[in-house]
Structures are given as C-alpha cells and as structure tokens.
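Worksheet for the structure shown next.
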Amino acid sequence: MSLRLLSRAVSTRTLSSYSQIRHLQSSVPDSSGFSGRDNAKNNTNLEILDLALTKVHDLGWTSTAVARAATELGYSSMAHGVAPHGGVSLISHFMDRALDETCIEVDDQLHEFPDTTERLRFICTTRLKQTLPYEQRWPEAAAILAQPQNVPLAMQKLGNLSSQMWYLAGDKSTRIDWYARRSALAAVYLSSELFMCEDRSPNHQDTWRFLKQRFENMDKAAYIGSKTVAFGEQFSRNLYNILASRGYVSH
C-alpha cells in the first residue's frame with residue numbers, strides 16, 4: 001500500500017478503530033530495512049496497550065495494567081518493549097490513540113463551521129470527549145506527566161496536538177506569532193481537560209462553557225501577545241502554571 005493510499009484510508013470514516021489505523025501503518029513497506037517480524041511485534045504491542053487501557057479504571061496508568069493485558073492475551077507479563085517506561089508509555093499510547101481517533105471523527109464535519117475559532121473549538125471538544133472515559137484517572141496521568149523527567153514528553157505530545165488542531169482547522173500559515181498561538185491553544189486545551197476531570201455538571205455543560213470562555217480569551221490580542229516567545233519556554237511555563245493551579249505539582 002502506498003503512503004498516499006494509506007493517508008486516504010486513514011482520513012475516511014470507514015476506519016473507526018485505532019487498531020485498524022495502526023495495522024494499515026504497519027503494512028506500508030518499510031524502507032528502513034525492518035522486517036515483517038518488526039511489524040508483527042509492533043501490532044502485538046499495540047494490541048497489548050489497547051487492552052491495557054481497559055484496565056486503567058482499576059489499575060491506573062501503571063505497568064501493572066500493561067502486564068495484566070499481556071497475560072490475558074497469552075503473552076508474558078514481562079513482554080519486552082511493550083511499555084519500556086511503565087505508566088508513561090501507556091499514557092503516551094492513549095494520547096496518540098486519542099489524536100488519531102479525533103482526526104478521523106472531525107474529518108468530514110469541519111466544513112460545517114464558518115471560521116477557524118469554531119473549528120478549533122469543535123476539534124478540542126471532540127478530543128476532550130476521548131478523555132471522558134478516563135476522567136476519574138486522568139489527573140493521575142497529568143501528575144505523572146508533570147514529573148520533571150516526563151515534562152519533555154508532555155511538551156511533545158501537547159505541542160503535536162496543538163499543531164494538528166491548527167492544521168485541521170485550516171490554519172497552515174507560518175506567521176511570526178505561530179509559536180505563541182500554538183502554546184496558547186495547548187494551554188486552552190490542557191486547562192479545559194483538567195477542568196473537565198473535576199466537572200460534575202450534567203453532560204459536562206460547565207466544561208463546554210469553560211472551553212468557550214477560554215477561546216474567547218484566546219481570540220484577544222492581549223492573550224496571545226504580539227511578542228514571539230520560544231515555544232519551549234512559553235509552553236513549559238503554561239504547563240507548570242496550569243498543573244500547579246490544580247494542585248498536581250507544588251508551587
């Protein structure tokens with residue numbers, strides 16, 4: 001299968017599961033020299049991690065959840081390379097999975113929204129709903145990602161999420177404030193996600209109201225600012241401040 005055909009297949013609604021997407025990805029001929037054995041191993045790892053996500057409610061974002069899933073699938077609980085960093089690997093897998101599912105879900109609906117902000121809010125809402133099944137456990141994931149050794153991973157994942165959201169919304173510019181806008185959207189998403197985990201309003205109505213207010217703030221020039229700040233510096237500051245305000249890290 002060519003990369004172009006893969007891209008077209010991933011963008012259709014017929015692929016409703018993340019496992020199907022990853023299976024297609026692993027079927028693309030690999031020019032790096034990896035053998036079919038590597039693809040089979042990758043598929044096995046994804047199968048284990050997908051099942052491990054169903055164990056998060058009881059076991060949390062832990063290597064124990066991964067080991068339990070491996071055992072149930074008939075593999076060794078010490079299956080090599082599945083989650084080399086324990087719970088962090090499982091969190092990373094979920095974030096990748098949720099982004100892929102979000103891209104598929106919004107693909108044929110974005111044309112219904114008149115402007116970039118409305119499209120961004122729809123994409124954010126769709127991605128937040130991917131976290132809803134784990135809302136009771138997601139604060140634990142946030143606390144794990146806030147640990148110093150894991151902050152680079154958190155920055156990478158949230159930065160990629162923000163970039164993908166801007167791209168899906170139709171903004172492909174390279175304006176001088178690109179880094180600041182990317183960081184601002186990541187902050188909007190992260191604060192809304194943590195708010196959602198504490199929201200007990202019917203159908204999370206308060207969360208969607210909170211998200212709308214954050215976007216209204218982001219639209220103001222004063223929020224983004226005209227001065228370009230390095231993404232790493234600005235985003236790490238945003239990440240720390242949001243997590244600290246929710247009590248996930250100490251001030």
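Please treat every number below as a calculation from the coordinates, not as lab data. Fair warning: this is a prediction, and the values are worked out from it, not measured in the lab. Positions of Cβ are generated from backbone atoms using ideal geometry, with glycine treated the same way; all protein chains shown enter the neighbour counts.
Computed from backbone phi, the HN-Hα couplings of the stretch 103-108 come to 4, 5, 5, 8, 3, 9 Hz, rounded to whole numbers (Karplus: 6.51 cos²θ - 1.76 cosθ + 1.60, θ = phi - 60°; Gly and Pro given as x). Take the Cβ atoms of Asp219 and Met78, set R0 to 41 Å, and the FRET efficiency comes out at 0.20. Couplings 3J(HN,Hα) of the stretch 127-139, computed from phi: 5, 4, 5, 5, 7, 3, x, 10, 4, 6, 9, 5, x Hz, in residue order, whole Hz [Karplus 6.51 cos²θ - 1.76 cosθ + 1.60, θ = phi - 60°; x for Gly and Pro].
Sparsely packed loop sites in the stretch 94-200 (the trypsin sites (Lys or Arg not before Pro) outside DSSP H, G, I, E and B with at most 15 other Cβ atoms within 10 Å) comprise Lys172, Arg175, Arg200. Across the stretch 74-129, the volume of the C-alpha convex hull divided among the residues equals 104 Å³ per residue.
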